[in-house]
Amino acid sequence: MSRTVSVELGERRYGITIAPGLLDQLGRRLVELTGARRAIVITDSNVSELYGSRALAALSEAGLDRLELCFAAGETHKTLATVSKLLDGVLRHSPAIDRKTVIVALGGGVVGDVAGFVAAVALRGLRVVQVPTSLLACVDSSVGGKTGVDHAAGKNLIGAFHQPRAVLIDVDTLRTLPAAELRNGLPECVKHAVIRDASLLDFIRDHAVDLLAGEDGRLTFDAEVMSELISRNVAIKAAVVAGDEHEVGVRSHLNFGHTIGHAVEATIGYDKLRHGEAVALGMIAANDIAVRRDLLSADAAEAVRSVLGALDLPVRIDGLDLPAIRETMLHDKKADAGRLRFILADSLGHVDIYDDVTDAEITTAVKAISC
């Protein structure tokens, strides 16, 4: 069963299609969506091995000129150096590309961010179609047009807003994910529940076992359950993006759990802590601040913590360096005139922006997630 969610951005409106088997329809759908005759697939070494040949075959069947550009997998390769190498491949392609060329971002969040950034800057802007293959990318990074790379000073500090022409989510591609990588996307689902839809938290709790079920190294989730999870999450993300494309207001609600989470991720190391795990810890820390401010009930905070635990996500971690975390937070792009902006919940399903969180509150919150 195919599901479609729209991101309403006027003339730049686009659809997010969720269904099994979409990868093998890639070429036909690309022609229908863009009219392009040339596509450049940007992917990483892991996804290329799994799905690169199928994507290229689907493009070939639709008569498209196609090229695959591949970079080494992992957050440590989400850099300007990687973008530069990919741009060499795009701009030196023969025959030469033009602005009718479409970039296909095939992979997880790193691929989507990097390929989207390449599309944003090549020839001052090429169309990009996001084809996410990780749950994190499906429910979060493929939707909304944020692209970019990391810098030594922090995560995602270099980039551009560049909306995709479409997002095509083939839920079957998620079955080849390691269970740990599927778990990496679930905190963003919990985040959406906390900021907009408390009933979604119940759905995640009720289906936690099914979502993580596996056999012989392969995930065996029910496709309808996964499609429902993804569609509910992208509907939330789409509504927020449509209301605030460039993060000047309510879009910052999507940063719930990220202010401390990003700092923890950067200081621990991108190769040692997954993004979703960092967000899970960041949400617990944010809820600690909210509870101590009497904004959020202790029971609501515990409900979130309990769901994260049921998803086998960390709720505490060793080795946190508080001074390093605070220093990293000061360079966070979400800071406003040097003041950190925190997203705090006052109930499940509703959050607001606070720029008066003190050093003492941050210290206590970090201690709350420390072993």
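The values are calculated or read from the model by the stated rules, or taken from the named source; none is laboratory data. None of the values given here were measured: they were computed from a predicted structure. Here the Cβ positions follow ideal geometry from the backbone for every residue, glycine too, while neighbour counts run over all protein chains shown. Each accessible area value is taken on the protein alone, full model and side chains, heavy atoms only, with ligands, DNA and RNA left out. Shrake-Rupley method; radii C 1.70, N 1.55, O 1.52, S 1.80 Å.
Here are a few things to note about the model shown:
- Between helix 275-292 and the chain: long-axis angle, C-alpha atoms, 0 to 90°, nearest 10: 30 degrees
- Per residue, region 1-156 exposes an accessible area of 40 Å² to a 1.4 Å probe, with every protein chain left in place.
- Percent accessible area from carbon and sulfur atoms, the chain, protein chains only, probe 1.4 Å: 49 percent
- At q = 0.10, 0.16 Å⁻¹ the log10 of I(q)/I(0) for region 286-371 amounts to -0.27, -0.70, computed by Debye summation with a single uniform scatterer per C-alpha, solvent ignored.
- Label-to-label distance, nm, for residues given as GLU61 and ARG124 (7 Å Cα→Cβ offset): 3.8 nm
- Paramagnetic reach from VAL248 (point 7 Å along Cα→Cβ, amide N under 11 Å) across region 137-158: none
- In the chain, the calculated helix contribution to ellipticity at 222 nm averages -13000 deg cm²/dmol per residue, counting -39,500 (n - 2.57) for every DSSP H run with n ≥ 4.
- Our summary gives region 1-46 a relative contact order of 25 percent, counting only alpha carbon pairs under 8 angstrom and 6 or more residues apart.
- Region 31-119 - Debye-derived log10 I(q)/I(0), Cα point model, q = 0.24 Å⁻¹: -1.27
- Whether the chain is rounded, prolate or oblate, judged on the alpha carbon gyration tensor where a/c under 1.5 counts as rounded: prolate
- Estimated inter-spin distance, ARG92 and THR363, nm [label 7 Å along Cα→Cβ]: 5.4 nm
- Highest to lowest packing among 111-124, 275-288, scored as the average C-beta count within 10 Å: 275-288, 111-124
- Computed over region 143-241, relative contact order equals 26 percent, with contacts defined as Cα pairs under 8 Å that lie 6+ residues apart.
- Radius 12 Å from Cβ of HIS207, net charge of other residues (Lys, Arg +1; Asp, Glu -1): -4
- Inter-centroid distance (Cα atoms) of region 218-266 relative to region 1-29, Å: 17 Å
- Judged by the mean number of other Cβ atoms found within 10 Å, the most tightly packed of the peptides 92-104, 140-152 leads the ranking 140-152, 92-104.
- Cut-off 10 Å between beta-carbons: net charge of the residues surrounding GLY145, Lys and Arg +1, Asp and Glu -1: +1
- FRET efficiency, ILE317 to ALA160 (Cβ-Cβ, R0 22 Å, nearest 0.05): 0.10
- Highest-fluctuation residue, ALA137, ALA19, ALA72 considered, GNM on the chain with Cα pairs under 10 Å: ALA72
- Relative to the longest principal axis of the Cα atoms of the chain, the long axis of helix 80-91 makes an angle of roughly 20 degrees.
- Computed over the alpha-carbon atoms, region 150-242 gives an Rg to Rh ratio of 1.01, Rh here being the Kirkwood radius from the mean inverse distance.
- Antiparallel content of DSSP bridges confined to the chain, in %, to 5: 45 percent
- Tensor-based shape of region 73-158 (alpha-carbon gyration tensor, a/c under 1.5 rounded, otherwise prolate or oblate): oblate
- Protein heavy-atom accessible surface, 1.4 Å probe, per residue over region 237-371: 42 Å².
- Relative contact order of the chain, pairs being alpha-carbon contacts under 8 Å that are 6 or more residues apart, as %: 15 percent
- The length gained on full extension between ALA324 and ALA72, counted as 0.36 nm times the residue separation minus their Cα-Cα distance, comes to 87.9 nm.
- Of the two radii for region 1-53, the radius of gyration is 1.01 times the Kirkwood radius, both from the alpha carbons; that is the Rg over Rh value.
- In this structure, the pairs whose alpha-carbon distance is over 26 Å, taken from LYS146/LYS191; LYS100/LYS146; LYS100/LYS237; LYS237/LYS272; LYS155/LYS191, are LYS100/LYS237; LYS237/LYS272.
- Rounded to 10°, Cα long-axis angle of helix 258-268 versus longest principal axis of the chain: 80 degrees
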